[in-house]
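*Asks:* Would you mind keeping the following structure in view while I ask a few things?
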Amino acid sequence: MSHKVLLNATEVHIALHRLACQLIENHDTFENTVLIGIQPRGIFLAERLKQLIEQEYKIKNVLLGYLDITFYRDDFRRSDKPLEANTTKIDFIVEDKKVVFIDDVLYTGRSIRSALTAIQSFGRPSEIELLTLIDRRFSRHLPIQPDYRGRQVDAINEEKVKVCWTENDGEDAVYLVKS
Amino acid sequence: MSELSVNHLLGIKYITERDIQLIFETADHFKEVINRPIKKVPSLRDITIANLFFENSTRTRLSFELAEKRLSADVINFSAASSSVKKGETLIDTVNNILSMKVDMVVMRHPNPGAGVFLSKHIDASIVNAGDGAHEHPTQALLDCYSIREKLGDVAGKNVVIVGDILHSRVALSNIFALQKLGADVKVCGPRTLIPKHIEKLGVSVETNLMKALEWCDVANMLRVQNERMDISYFPTTREYTQQFGLNKAKLESLDKEIVVMHPGPINRGVEITSDVADSGQAIILDQVQNGVAIRMAVLYLLASKIERDEG
């Protein structure tokens, strides 16, 4: 097993600031916009972006929810390991809001497909955008692309992209793991 | 994590504490789902479930059916009153006929104890016991313990008394197993005639004085007086039963603490429990019903995830 660093801590921070600025450019005061972190790994990125937008750019009351997609996945009873659910926490209405899905890695696009179905249980958003820290090119199974990306990566199927966060893994970094 | 150790839910006796905790954790997520504006998830869209009720039931059948529909499963219902069982068909024949229509799971209530276990040895589908005679009613016990956990934070270390007709009650037996696996202390209370001999061997204590039992407990689970199962006179009159073992406001208020009151339903108001208690804030009877749907969704979801997928 070998590790290759794709982004170190400084590079992660630069990417986060850029993504926050891009969000602000398009959503201004976030009055009609909500951020949705996709469980389980998208919530760290979502929390960081909310923090940056509120503290560095002094925009108040950015709404953030967590969406769990386990029960909406299309690989129930197809994957080898059982699917473990996580908490969904959306304590606001998404009806007529602009929704930004936030996840750490975009790979096949199937998680986002599930999230598109899942979010409908909470109302009909006026539009939905997608933000990912890492966009793995050439690996999509579905016609889904990010609106905001931290870094585009070419990786073959046997390789895995691992995003680490200080609050969960002890450091901010992105690795390419070869098995 | 995160798989059940069994392929069928035949009784609490056959599952582990870890299984129960996994069902509770999964039910937490489904409880959130059924409180959304749109209460449905597509998880079981390729699963067909047959509800086979060889004995009458309203609430359990509705609860299972709702749980199945919330999970997007296809559902067929069967009740013995209008079926070929009346014409003398055997249980295995009846079920095999239904399974040949490509059914993946069976939810069954049957008057004979062990019917689920028997069936599981002869057919392929995953089986959920929805009550077999006076034996077990596992989903009821799970939702009872889940409701205690929700109300009191944890089941471990709590004192729970089950009051009433222990002899004919599948709810009592499943509850005893479930509560003990989760670390609660269990007492049964009722007329001697309605308490099975040797029940102490299950590790429960017996109390025939309701007031003493209430003073000891954190939770009182009041069972229904099952008049339809009373083939002989187990107590002189209903009035005498109510005086000795019925729960009323005066008895509750004479305690120096507030206990939680449960009832598996349907209630005989004025017999085992008075209306003012059943409708009070101490009673969690309607929470039990709501939790029943979430628990049954969790059980069906976890069992379905163990079914081999038909690639043909």
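FYI, it's all coordinate maths here, none of it is from the lab. Just so it is clear, the structure is predicted and the values come from calculations on it, not from any experiment. Glycine also receives a Cβ, built like all others from the backbone with ideal geometry; neighbour counts cover every protein chain displayed.
*Asks:* Restrict the search to the stretch B:232-312; then list the trypsin sites (Lys or Arg not before Pro) that DSSP places in a loop and that have at most 11 other Cβ atoms within 10 Å of their Cβ.
*Replies:* Those satisfying the criteria are B:Lys257, B:Arg309.
*Asks:* Tell me, what HN-Hα J-couplings in whole Hz come from the Karplus equation 6.51 cos²θ - 1.76 cosθ + 1.60 at θ = phi - 60° for each residue of the stretch B:96-110, using x for Gly and Pro?
*Replies:* Once rounded to whole Hz, the list reads 5, 4, 6, 5, 5, 8, 6, 9, 8, 9, 10, 9, 10, 10, 9.
*Asks:* Using only the alpha carbons of the protein assembly as shown, what is the convex hull's orientation-averaged projected area in square nanometres?
*Replies:* Seen from a random direction, the Cα hull of the protein assembly as shown projects 27.9 nm² on average.
*Asks:* Net charge near B:Glu136: determine it from the other residues with C-beta under 10 Å of the C-beta of B:Glu136, scoring Lys and Arg +1 and Asp and Glu -1.
*Replies:* For residues surrounding B:Glu136, the net value is +1.
*Asks:* Exceeding 26 Å between C-alpha atoms, which entries from my cross-link table qualify? They are A:Lys50/A:Lys89; A:Lys97/A:Lys160; A:Lys160/B:Lys39; B:Lys121/B:Lys201.
*Replies:* In this structure, A:Lys97/A:Lys160; A:Lys160/B:Lys39; B:Lys121/B:Lys201 exceed 26 Å between Cα atoms.
*Asks:* Next question, about the same structure. So, counting K/R as plus one and D/E as minus one, what does the shell of residues with Cβ under 9 Å around A:Ala9 add up to?
*Replies:* -3
*Asks:* Measuring from the lowest to the highest alpha carbon on each principal axis, how far does chain B reach, largest first, in angstroms?
*Replies:* Projected onto the principal axes, the Cα atoms of chain B cover 65, 44, 36 Å.
*Asks:* Next up: Over the stretch B:138-289, consider all pairs of different Cα atoms and compute the Kirkwood hydrodynamic radius from their mean reciprocal separation; express it in Å, one decimal.
*Replies:* 15.2
*Asks:* As a test, work out the antiparallel percent of DSSP beta bridges whose residues both lie in chain B, rounded to the nearest 5.
*Replies:* Counting only bridges with both partners in chain B, antiparallel ones make up about 5 percent.
*Asks:* Compute the distance from the alpha-carbon center of the stretch B:137-191 to that of the stretch B:62-81, in whole Å.
*Replies:* 26
*Asks:* Moving to a separate point now. How large is ³J(HN,Hα) for each residue in the stretch B:45-54, as worked out from phi by the Karplus curve 6.51 cos²θ - 1.76 cosθ + 1.60 (θ = phi - 60°), to whole Hz, x for Gly and Pro?
*Replies:* Running phi through 6.51 cos²θ - 1.76 cosθ + 1.60 with θ = phi - 60° gives 5, 9, 10, 10, 10, 9, 9, 9, 10, 8 Hz.
*Asks:* Roughly what % antiparallel, to the nearest 5, for the DSSP beta bridges in the stretch B:138-289?
*Replies:* Of the beta bridges lying entirely in the stretch B:138-289, close to 0 percent run antiparallel.
*Asks:* Looking only at the protein assembly as shown, where both bridge partners belong to it, what percent of the DSSP beta bridges are antiparallel (to the nearest 5)?
*Replies:* Around 20 percent of the beta bridges assigned by DSSP in the protein assembly as shown are antiparallel ones.
*Asks:* Which GluC sites (Glu not before Pro) does the stretch B:58-149 hold that lie in a coil by DSSP with at most 14 other beta carbons within 10 Å?
*Replies:* Within the stretch B:58-149, the qualifying GluC sites (Glu not before Pro) (loop, at most 14 other Cβ atoms within 10 Å) are B:Glu89.
*Asks:* I would also like to ask the following. How would B:Lys187, B:Lys40 line up from fewest to most surrounding beta-carbon atoms within 10 angstrom?
*Replies:* B:Lys40, B:Lys187
*Asks:* May I pose another question? Count charges around B:Asn96 for me, please; just the other residues with Cβ under 15 Å from its Cβ, Lys/Arg as +1, Asp/Glu as -1.
*Replies:* Charge balance in the 15 Å sphere: -2.
*Asks:* Return the FRET efficiency for the residue pair A:Asp147, B:Lys39: r is the Cβ-Cβ distance, R0 is 25 Å, and the value is rounded to the nearest 0.05.
*Replies:* It comes to 0.25.
*Asks:* How high is the relative contact order of chain B? Use alpha-carbon pairs under 8 Å, at least six apart in sequence, and give a whole percent.
*Replies:* For chain B, the relative contact order is 20 percent.
*Asks:* Where in the stretch B:203-302 are there GluC sites (Glu not before Pro) that are in a DSSP coil and have at most 13 other Cβ atoms within 10 angstrom of their Cβ?
*Replies:* Counting only loop positions with at most 13 other Cβ atoms within 10 Å, the GluC sites (Glu not before Pro) in the stretch B:203-302 are B:Glu258.
*Asks:* Now, a different point. Under 18 Å Cα to Cα from B:Lys251, which aspartates and glutamates show up? Leave out anything in the same chain fewer than 8 places away.
*Replies:* Of all the aspartates and glutamates, those that pass the test against B:Lys251 - Cα under 18 Å, at least 8 places apart if same chain - are B:Glu207, B:Glu215, B:Asp218, B:Glu240, B:Glu272, B:Asp276, B:Asp279.
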